[in-house]
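Asker: Take a look at the following structure, please.
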Amino acid sequence: MHVRPRRVALAALVAASSLLLAACDGGSGSASGKSADSGKKDKGAASAPAAPASITADQAQQALVALADLPAGWKLEPNTGLDKSQGGGEEQITNGSRPECAPITTVLNTGRLEEDHKANAQVVFTKKGDQTTVAQDVSGYERAQAEKAMAGLRTAVEKCASFDAKDSGKKATVKVKKPAGQQQTYGDESVSYAVTVVSGNMQMDFDLGTVRSHGAITTVLNNYSDHGDRGKEAFGKALAKAAEKLTAAAAKTA
C-alpha cells in the first residue's frame, strides 16, 4: 500500500516565516534543520508494508490440484476431505506410546501436520472403477511453525520404521518406509514416505509427499488397494503440480 507523505500544516508555515524575520542566522538554521528532519520522517512513512505471515484461505484453494492435472480416468469427489476428526474421530489412528511418531498418525488422520493452521483447503479424487484415492491438503502457518512441523515429520520418517497404534480402537501396527534412491525435492523442502497400517487381517497402504514453501505446507496422499490401479502415475503428477501451485501461492508471504 502506498502511503502519501504528510504535508506540513499551513499554520506551521506562517509561524516559521515570522520566526525567520525576527531571529538571528542561528535561529534560521535551526528551523531549516527541523524542516529537513521532518522531510526524512515523511519519506520513512512511505515504506512498503511487511509481507503477510501466512497464506489466506483463497490462496490455499488456489494451491489445490485440479482434475485436469491428473491422468484420464479419475474423478473429483465433491464435499469430501481427509480430516477424519470432523466425523467424530472413531476411525482415527492413535499413537500413545511414541510421541516422536505423532506426525505420521496426525497426517493420516487429518491430512496436515499441525491443527493450529491459519488457512486450510482439501481435495479428494478417486480412480474410476476401483478404490484408489489421491488426495491433497494445503495448510497455511507462520514460517517458523511450518519449519518446526517439517522437522518433526522428517524425524518421524527417520525414526519410526514401525510402531504400535490403534486403528478405530483396534490394535494396529504402523510401518513407515523411505523411498529408495534420490528423491525429487520440491519447494523449500519436501519429504517423501510410504506408510502401511496393519490391523488384524486389514491392511492400508499409502504413498505420501509433503512439501513446504515459506509457511505453507501441502501433503499429497495416494491410498491404494490390492485391486485396481496402483495410482503411482496420478500421485507423481499430483505431487509435482501441488508443489508448483503451493510455491506460487506462498511466494509473497513471509
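Asker: Loop-only trypsin sites (Lys or Arg not before Pro) in the stretch 68-133, please: DSSP not H, G, I, E or B, and at most 13 other Cβ atoms within 10 Å. Show your work: numbers first, answer last.
Answerer: Numbers: sites: K75, K84, R112, K118, K127, K128; in loops: R112, K118, K128.
Filter output for the stretch 68-133: K128.
Asker: May I pose another question? Measuring from centroid to centroid over Cα atoms, what is the spacing of the stretch 149-186 and the stretch 55-74 in Å?
Answerer: About 25 Å separates the Cα centre of the stretch 149-186 from the one of the stretch 55-74.
Asker: Of the listed peptides 53-64, 207-218, what is their order by residue-averaged count of other C-beta atoms within 10 Å, with the highest listed first? If you can, show how the numbers build up before the last one.
Answerer: Numbers: 53-64: 19.4, 207-218: 26.7.
In descending order of packing, they fall as 207-218, 53-64.
Readers should treat all values here as calculations from the given coordinates under stated rules, not as data from a laboratory. This is a predicted model, so every value here is computed, not measured. When we count neighbours, we look across all protein chains shown, and the Cβ atoms used for this are built from the backbone with ideal geometry, even at glycine.
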